[in-house]
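Some notes on the structure that comes next.
The values are calculated or read from the model by the stated rules, or taken from the named source; none is laboratory data. Remember, it's a predicted structure, so these values are computed and weren't measured experimentally. Don't worry about glycine lacking a Cβ; one is built from the backbone with ideal geometry, like all the others, and counts go over all protein chains shown. Ligands, DNA and RNA are excluded from the accessible area calculation, which covers all protein heavy atoms including side chains. Shrake-Rupley method; radii C 1.70, N 1.55, O 1.52, S 1.80 Å.
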Amino acid sequence: MADVKVPAQRHAFARPLSPHLQIYRWSWTMAMSIFHRVTGVALYLGTALVVWWLVALATGPSAYETARWAMTSLVGRLILFGYTWAVFHHMLGGLRHFVWDFGAAFERGPRMALAKATLAGSLALTVITWVVGYAVR
Amino acid sequence: MSIKPSMRTPLSRVRGLGSAHAGTDHFWLQRVTALSNVPLVLVFIGVVIAAGGRDYEAARAIVSHPAIAICLLLLVVSVCVHMRLGLQIVIEDYVHGHGAKFAATIANTFFAFAVGAALGFAVLKISFGA
Ligand code: HEM
């Protein structure tokens, strides 16, 4: 972005300010928008776990055993459960963006329905994935 | 279509770029990689269900299957491009200091490439069995 010249005494101007997040009344669409960003950043950081798993698998049996031990521990499973939810939530949130990109579902009804479906869908897909994961063991 | 009088050259109009010399590439690449992420992430979840928690040999056999390894390599490229673009937006929204923004943007690029190189190398090494 281009630079904006800020005057030395910037407080000399009483410009209107955008209120902070906690001022707004929570709404579904706002919450899901924030969730999309938070899950995106969580997925970003979580790629470190994927790196750990695959690099360990490439390194050798003992490195792999350490990674497997950590990731199948209770804490590990909880983190992976959260990561599963993050990926499904972000994926459905992304699909929601595609719907908007085609100019659809901006009206109040569809907008709210999509926002709720994103959360419900991500929770459902997460549970289904883990049920399947345990079932095939 | 009638063309209104304009100071812009026909070439500049075709390119659709303004004075920033950049257009919608960032947005577009974010969407394209979002789209490719969907099937690739689903494959990855399947791989984790199949291989996660298995012993070393079994996990290697699954990851090194050509069809799976190729999908994983595509996933690495798609996700690393996507997450770098995505985090850049987040940085631009929240990090305002000139130096801090500069540093964070570069750190973001380094992280994305490091993750990409590590994962790509790991998948290839597992596949070629060295
Ligand atoms: C699974 C399929 C995925 C889809 C469909 C998807 C879709 C999207 C879309 C459409 C955006 C842009 C949102 C906007 O313009 O406000 C976005 C942002 C982002 N994505 Fe993804 N994504 C996926 C997977 C991932 C993965 C695996 C990661 C990280 C490893 C990731 C990290 C991010 C980040 C950091 C952002 C920026 C968040 C923001 O600006 O609020 N995404 N994603």
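Over the range B:65-130, all Cα pairs binned in 5 Å intervals from 0 give whole-percent P(r) values of 3, 18, 22, 18, 12, 10, 8, 5, 3, 1, listed from short to long.
Shown for chain A are the DSSP H helices of 27 Å or more along their axis, judged by Cα atoms, with a mean Kyte-Doolittle hydropathy of at least 0.5: A:28-59, A:74-101, A:108-135.
Calculated accessible area for chain B comes out at 62 Å² per residue, all protein chains present (probe 1.4 Å; ligands, DNA, RNA ignored).
In this assembly, the A-B interface accounts for approximately 3000 Å² of buried accessible surface in total, computed with a 1.4 Å probe and without ligands, DNA or RNA. Rolling a 1.4 Å probe over the protein heavy atoms gives the range A:68-137 an accessible area of 58 Å² per residue.
Placing R0 at 25 angstrom, the Cβ-Cβ distance between A:L74 and A:V41 gives a FRET efficiency of 0.50 after rounding to 0.05. Given 37 °C and 0.692 mPa s, how large is the Stokes-Einstein diffusion coefficient of chain A in µm²/s, with Rh as the Kirkwood radius over Cα pairs? This corresponds to a translational diffusion coefficient of 177 µm²/s.
The residue among B:G46, B:H98, B:S64 whose Cα reaches farthest toward the positive pole of the charge dipole of the range B:26-130, with charges on the beta-carbon of Lys, Arg, Asp and Glu, is B:S64. Just to confirm my numbers, what's the Cα centroid distance between the range B:71-101 and the range B:1-58 in Å? Each part's Cα centre sits 12 Å from the other's. Taking 8 Å as the Cα distance limit and 6 or more residues as the minimum spacing, I'd like the relative contact order of chain A as a percentage. This gives 29 percent for chain A. Dividing the summed helix terms, -39500 (n - 2.57) for each DSSP H run of n ≥ 4, by the number of residues in chain B produces a 222 nm estimate of -27000 deg cm²/dmol to the nearest 500.
Inter-chain neighbour count for A:56-62: the average number of beta-carbon atoms from partner chains within 10 Å of each residue's beta-carbon is 5.
For A:K116, the aspartates and glutamates whose Cα falls under 15 Å of its own Cα, not counting residues fewer than eight places away in the same chain, are A:E107. Normalised radius of gyration (Cα atoms, divided by 2.2 N^0.38 Å) for the range A:69-126: 1.44. Hydrophobic, long helices, defined as DSSP H runs whose alpha-carbon span along the helix axis is 18 Å or greater and whose mean Kyte-Doolittle value is at least 0.5, occur in chain B at B:25-51, B:66-94, B:98-128.
Would you work out which of A:Q22, A:L45, A:F88 lies farthest towards the positive end of the dipole of the protein assembly as shown? Charges go on Cβ: Lys and Arg +1, Asp and Glu -1. Ranked along the dipole, the leading option is A:Q22. Remark: mean inter-chain Cβ contacts per residue of B:118-129 equal 4, using a 10 Å Cβ-Cβ cutoff to other protein chain atoms. Nonpolar atom fraction for the protein assembly as shown, defined as the carbon and sulfur part of the 1.4 Å probe accessible area, stands at 73 percent.
Shown for the range B:41-81: residues covered by the partner protein chains by 40 Å² or more of accessible area relative to the chain by itself (probe radius 1.4 Å), namely B:F44, B:I45, B:I49, B:G53, B:Y56.
Taking 16 Å as the straight-line reach from the Cα of B:K125, the aspartates and glutamates in range (excluding those fewer than 8 positions away in the same chain) are B:E57. Calculated mean residue ellipticity at 222 nm for chain A: -26000 deg cm²/dmol, from DSSP H runs with n ≥ 4 weighted as -39500 (n - 2.57), summed, divided by the residue count and rounded to 500.
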